[in-house]
Each structure stands twice: as C-alpha cells, then as structure tokens.
Amino acid sequence: MQQILDALKQSVMIEDVRKQRDDLVFITVSEAQAVSAITHLRDRANFTHLVILTAVDWLEEGLFQLTYLLNNPAEKKDIGVRVMIDREKAQMESIHHLWPAAATYQRELREMFGISFPGSPRLNETFILDEGWDGPPPYRRDFDTLKYSEETYFPRPGRSTNDPAEYMKSMLYPEVDND
Amino acid sequence: MISLKPDRSKFPVAGDDGQLIIDRESGQFSELFLGPVHPGMTGNMSLEMLIQGDEIMKAKTHVGYLHRGFEKLMERRRFIQCFPICVRIAVPEPDFNEYLLAATIEELAGIEVPDAALWMRTLLLEMSRLQSYLAWIGGQGSSFGLGLIGQWTIWARDLVLDRFEEITGGRIYHMHMPPGGVRSLLPEGFRRRMTDTLDTIEQVMKDVDKALFQNSVYKTRSVGLGYIDPAMVDRWGVTGPNARGAGIARDVRKDYPYLKYPELDFEVAVGKDSDAYTRADVRRRDLLTTVDLIRQILERIPDSGEFMAKVPNVLHWKIPRGETYKRAECTRGEYGYYTVTDGSGYPRRINVRGPSYTHAVTLLEKMIVNVNLADAAGLMSSLHTYPPEIER
C-alpha cells in the first residue's frame, strides 16, 4: 500500500493519509487534482473497480466531502479518495468517462445533495425523486425531515394518542379502577 | 417458407452522435412501460421501453417508487435505533444490512465480538442467502412462464423462514445482530430441524434441476440472453454471480474473508458463458454450496458461551470521529456499508452500496437493447435486481 501511495505522490499532492485497516486507506486530495489522482490509481495501480461515490455534508465547516472508494481486485486493497469541496459552490469534475456507472452516482448526488457534475450524461434528469420534488436537495444536513413532515402532513382527525403505561394498565387489568 | 429472423433493413440506424434516429411520426414505434408492478420482479421498478415490433430499441430505468430516505432517517437516530430501519433496505435478505451496520460500528468503536457470536452471524447470513436464492429461482422461473417452479421454491423458502423464526422470532426482518454480538444462540433441537430442512431443500433442488435447468423452453430462451463481456465487469461495476457467470471468480467471502468464512471449506461457483442460463446455473451451484456451508457451520457452532460483547449504554453511546467501509457477499453481489461518524451520538452519514445500483440502471439499460419484449422480465430477473437498494 505504501508503494502505491509513494507512486501517487510523484504526480499528486496528498494532503492527508489515514490508515483504517491494512487493506483500507483514506487519502485526501485537492479538488483540482482529484480526477488525475483517480485516473492514476485506475490506470497505473490497477484500482479498476469503483465501489461507491458518495458525499458527506459537513455543514458546520461549510464543506462537502466526496468519497470515491476504489478497489483493486487483484491485490484486494481499497483506497478511499476524499475530496473536500466548497458547500456554496458545489461543483466537481465528472468521472463518467472512467466508469459509465459513475454517471448514475453523479445523477443521484446532483438530486440529493445538489452537487453539480458538468458534462455527466443525463445529469439533470430526475432519478429517485421522480414525482415532482420542488424542495431543497433533501440529503443536505440543513433539510430537516421532522420539520418537513410536520409542515406537510397532519394527523388524521379522530385519532388519539395514549400514554403507553396507562393504556396498557387499563387494557390488561380492566377490572381495577384505574382512576 | 417464413423466415423467423427479423428484417434488419427496417430497423432504425444510428446518427452521427451514436444515438438511434427515431422517427416517432412513422407509426413504427411504441412506448411501453414494464412495471412498476410486475410479478416477475421483487420490489417496484419500471422500465420505459421504446419498441419496434417486439424488439426493444432502447429503455430507461425509473426508480423511486420505494424511496423512504433510510440513509437520511438514520442520520437523526442513535446507533441502536438505526437497526429496525436498516433492515428494510433489502427485503429479500435483510441480515446483510444488520451485519454490515454492526460491523462498521464495531470497527469504529473498537469492539471485539465473541467467537460464538461470529459463528451465529455466519449461520444467519448463510441461511439468509439460502432463502434469497430460493425466492430468486421462483422469480426466474415465473418470468419465463414456468410458474410452478416458484410454488416449490417459495414453499422451501418458507421452511427456512420457519427456522429463522425459531432463532430470532421474526420471519423476514430478524434484527438479531446488534453491535457487539447476537441476541441469542441456537435453540434446543435446532440442529436436527435445520438438517431436515436442508435435506428437503436438496430434494426440491433435484426437482428444480429437472423442471427448470433441463427444460427445453427455459434453455431455448435463456441461453445467449443478456451476454456480459468479461471486459465489461470492472468498467460497469458488475459483481457477484453476474461477474462469476462471466468467468471472473470474485467472491467477497473468499477475497476479503470476514466472520468465520476462512475456517470453512468451500469453492466459488464460476461459469463461463456469461448468459442468463449460466448465471442461473452459478446461482444454483452457489445455493448448493450454501447448503453445504450450513452443514459445516452446524457441526462447529458452539451451544453455549459468551455471545454479546460489553457495549456502552446504547442511549448515550458516542463514537469518535472516523469513517470505514465494510463489504459482504450477498446473493446479488457486493453489499457494502460506508459509515461516517463525527463524535456525536448519531451517525454523520451511512451510505449503502447495493449491488443492484450498477446492475439495474447503467448495465440493464445497455443490455436490454435488441432484446425481445417477452424476455425483458427474464433478463431483469437474471441480473437479480432489487430496487430499494438503489433508492435507499
């Protein structure tokens, strides 16, 4: 693993290396060098399998973390390439030319996190939220699911809520006067 | 004499940009939806197909009918509260969700799982694989018009669900592997009843072999259908039996040993023709391997001992900042959990890698071109797609 990282350092600035397991390392690279780092890993170091491409929202720091998890099937090793991008200008270079399946991941990230990948095929077609979603990208941390459901849905009239302990007592021991 | 080969001269040609030139005014084309509700499919997903005659020109996958936002919902729940949610991501085999979520949390929190719990988890995962394959054979049979096969295998699957009920109390969702171990060990007399079930399943599989795999209708329709080039496997993210059918021996159980798999003796089933029939055959052999694995596990699994590690109070459990990825081999391919924690009592992000994500969208849209309309459902079930793991 160290050899792979040393070879990668020849061409790309690695900002941070964190070893999680013997076969799993997370590295951080800059936004500008990310695609060349991924291309290097795919073509020179045999990391041919794109396992996941996902985003983590660090709302407090104003950053999105994109994680490209690459797998080397021959040597059975994984490298997670982490890229920090600005939350306000959420845009990243596309990698659909390296893996066709990446276009689907990027379509999902565009819809769920609002991260744009210019040039990626069918990027602006709806993917999961097919039935007319007009709210903010729902997987961002500042979208509050509880608040949304309280504002959008309302309890059906005629339903009542019981205190579980009191309710069970009256159901199990109806003969006892519970008042 | 009537020629059965389609007249290619009438088919649309590709333009300069590589896209087919489709003249919708010509009246030759029709648009048709397969799904979202279709008996040959587990879960709801639809294919918007453009057809000419009975041949599919192009297709688009539409998902989202089962989107419940599990990944988002888990972000505002404590780690233990994620358990009843995560299993719902994959109904055919929910145990992989429990195991992988538990495994990532254990790795991030530094918890050692006792030996007996590891055996128990291996047993549950293999039983889960067994019932999922049995349900799949039914789906594959019925999408090729052989509905009887499903009646046999769904019955056999129910026997496995009975055994699950004995151990865990639940038939579909078990929630038996919280972080730290398992909830219980084997009940009394389980070994005998499980062995009986395995014997029955082997008998059923002999019948299935005769009625499905040696059936000329099934063979004629599935041999040569849905070819995956071995060179496509990496580029298109193909894993599991779909990759093994193409002759690429990739199995997470062998390659990245987890739980007790290194101590068990098994071979990975590999095919070479890479069509729907080969993939079905790989799955059939994999099922028989699973039966053998369960027999091995039952011989070695301890009856007593520690099965739960000491975990902190789950209501106040905080896990330090970190991230990890764990994978396991489910019936459809590589299943993985990417968990990020930020030092609070809640996960920052949990991302699920469902194998259908790549199979059912990009790969299926490519493979379905020029397939006969009647084979579309069979092709979809031959990739073993399952929509909720796409939309999570």
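The values are calculated or read from the model by the stated rules, or taken from the named source; none is laboratory data. The structure presented is a predicted model; accordingly, all values stated were derived computationally and were not measured. Neighbour counts are summed over all protein chains in view; Cβ atoms, including those assigned to glycine, are modelled from backbone coordinates with ideal geometry. Heads up: the accessible areas ignore ligands, DNA and RNA and are worked out on the full protein's heavy atoms, side chains in. Shrake-Rupley method; radii C 1.70, N 1.55, O 1.52, S 1.80 Å.
When the residues B:Ile105, B:Ile21 are ordered by accessible surface, computed with a 1.4 Å probe over the protein chains alone, the sequence from largest down reads B:Ile21, B:Ile105.
Taken residue by residue and averaged, Cβ atoms of other chains lying within 10 Å of the Cβ of A:127-136 number 3.
Computed on protein heavy atoms with a 1.4 Å probe, what is the summed buried accessible area for the chain pair A and B, in Å² to the nearest 100?
That pair hides around 4100 Å² of surface in total.
Sorting the segments A:27-40, B:266-279 by their mean number of nearby beta carbons within 10 angstrom, highest to lowest, gives B:266-279, A:27-40.
Compactness of the range B:176-270, taken as the C-alpha radius of gyration over 2.2 N^0.38 Å, stands at 1.50. Counted over all Cα-Cα pairs of the protein assembly as shown, pairs farther apart than 47 Å make up 15 percent. Here the relative contact order of chain A, from alpha carbon pairs under 8 Å that lie six or more residues apart, stands at 14 percent. By the helix-only formula, in which each DSSP H run with n ≥ 4 contributes -39500 (n - 2.57) and the sum is divided by residues, chain B has a 222 nm mean residue ellipticity of -12000 deg cm²/dmol. Based on DSSP H segments of at least four residues, each scored -39500 (n - 2.57), chain A has a per-residue ellipticity at 222 nm of -7500 deg cm²/dmol. Here chain A yields Rg over Rh of 1.22, to two decimals, using C-alpha coordinates and the Kirkwood radius. When only the Cβ of Lys, Arg, Asp and Glu is charged (+1, +1, -1, -1), the dipole of the protein assembly as shown relative to its Cα centre reaches about 720 debye. Interface residues of the range B:205-235, defined as those losing at least 20 Å² of solvent-accessible heavy-atom surface relative to the isolated chain (probe radius 1.4 Å), are listed as B:Asp234, B:Arg235. Per-atom-type breakdown for the range B:129-200 gives carbon and sulfur 52% of the accessible area (1.4 Å probe, protein chains only).
At a threshold of 50 Å², the residues of the range A:10-30 that become less accessible to a 1.4 Å probe in the full protein assembly than in their chain on its own are A:Gln20, A:Arg21. Give the residue from B:Leu124, B:Pro94, B:His67 lying farthest towards the positive end of the charge dipole for the range B:50-181; charges sit on Cβ (+1 for Lys and Arg, -1 for Asp and Glu) and the dipole is referred to the Cα centre. Checking the options against the dipole of the range B:50-181, the answer is B:His67.
Taking label points 7 Å from Cα along the Cα-to-Cβ direction, A:Lys19 and B:Gln28 give a separation of 6.2 nm. Database remark: amide H of B:Gly181 closer than 5 angstrom to the amide H of B:Ala309 (H placed geometrically; neighbours at sequence offset of 5 or more, or on other chains; Pro and chain starts carry no H). Take every pair of alpha-carbon atoms less than 8 Å apart whose residues are at least six positions apart; their mean separation over the length of the range B:70-391 yields a relative contact order of 26 percent. All C-alpha to C-alpha distances of chain B, sorted into 20 Å bins beginning at zero, yield P(r) values of 27, 55, 17, 2 percent in whole numbers. Pairs of Cα atoms nearer than 8 Å and 6+ residues apart set the relative contact order; for the range B:62-208 it is 26 percent. The magnitude of the dipole of chain B, with charges of +1 and -1 set on the Cβ of Lys/Arg and Asp/Glu and taken from the Cα centre, is near 560 debye.
By accessible area of protein heavy atoms, probe 1.4 Å, what ranking do B:Ile154, B:Ile294 get, highest first?
Sorted by accessible area, descending: B:Ile154, B:Ile294.
Go through A:Tyr68, A:Thr152, A:Thr48 and say which Cα lies farthest out towards the positive end of the charge dipole of the range A:2-157; charges sit on Cβ, +1 for Lys and Arg, -1 for Asp and Glu. Of the options given, the answer is A:Thr48.
The A:Ala74 and B:Lys366 beta-carbon pair, evaluated with R₀ = 22 Å, returns a calculated FRET efficiency of approximately 0.30. Surface composition of the range A:2-157: carbon plus sulfur atoms hold 49% of the accessible area, using a 1.4 angstrom probe and ignoring ligands, DNA and RNA. To the nearest 10, the accessible area of B:Asp229 is 60 Å² with a 1.4 Å probe. According to the calculation over all Cα-Cα pairs in the range B:34-155, the P(r) per 10 Å bin from zero is 11, 28, 31, 20, 8, 2, 0 %.
For A:Lys9, the lysines whose Cα falls under 24 Å of its own Cα, not counting residues fewer than eight places away in the same chain, are A:Lys19, A:Lys76, A:Lys77. For A:Tyr167 and A:Leu59, a Förster radius of 45 Å and the Cβ-Cβ distance give a FRET efficiency of 0.70, rounded to the nearest 0.05.
For the peptides B:345-355, B:204-214, the ranking by packing is B:345-355, B:204-214, with the highest mean count of neighbouring Cβ atoms within 10 Å listed first. Residues in chain B average 38 Å² of solvent-accessible surface per residue, probe 1.4 Å, ligands and nucleic acids excluded.
Peptide B:345-355 shows a mean partner chain C-beta count of 3 within 10 Å per residue C-beta.
Going by accessible surface with a 1.4 Å probe and the largest first, B:His359, B:His67 read B:His67, B:His359.
Toward the positive end of the charge dipole of the range B:70-391, with +1 on the Cβ of Lys and Arg and -1 on the Cβ of Asp and Glu, the farthest Cα among B:Ser344, B:Ile390, B:Val252 is that of B:Ser344. Most tightly packed first, judged by the mean number of other beta-carbon atoms within 10 Å of their residues, the peptides B:328-336, A:14-22, B:83-91 read B:328-336, B:83-91, A:14-22. Extending 7 Å from the Cα toward the beta-carbon at both B:Asp17 and B:Val37 defines two label points whose distance is 3.7 nm. Computed from the Cβ-Cβ distance with R0 of 22 Å, the FRET efficiency linking B:Gln81 to A:Asp134 stands at 0.15. At full extension, B:Arg183 and B:Asp158 could sit 6.8 nm farther apart than now, given 0.36 nm per residue minus the alpha carbon distance.
Distance from a point 7 Å along Cα→Cβ of B:Glu306 to each backbone N in the range B:103-129: keep the residues under 17 Å and list them by number. Label zone hits: B:106-107, B:110-121.
What's the average, rounded to a whole number, of partner chain beta-carbon atoms within 10 Å of each residue's beta-carbon in A:145-152?
1
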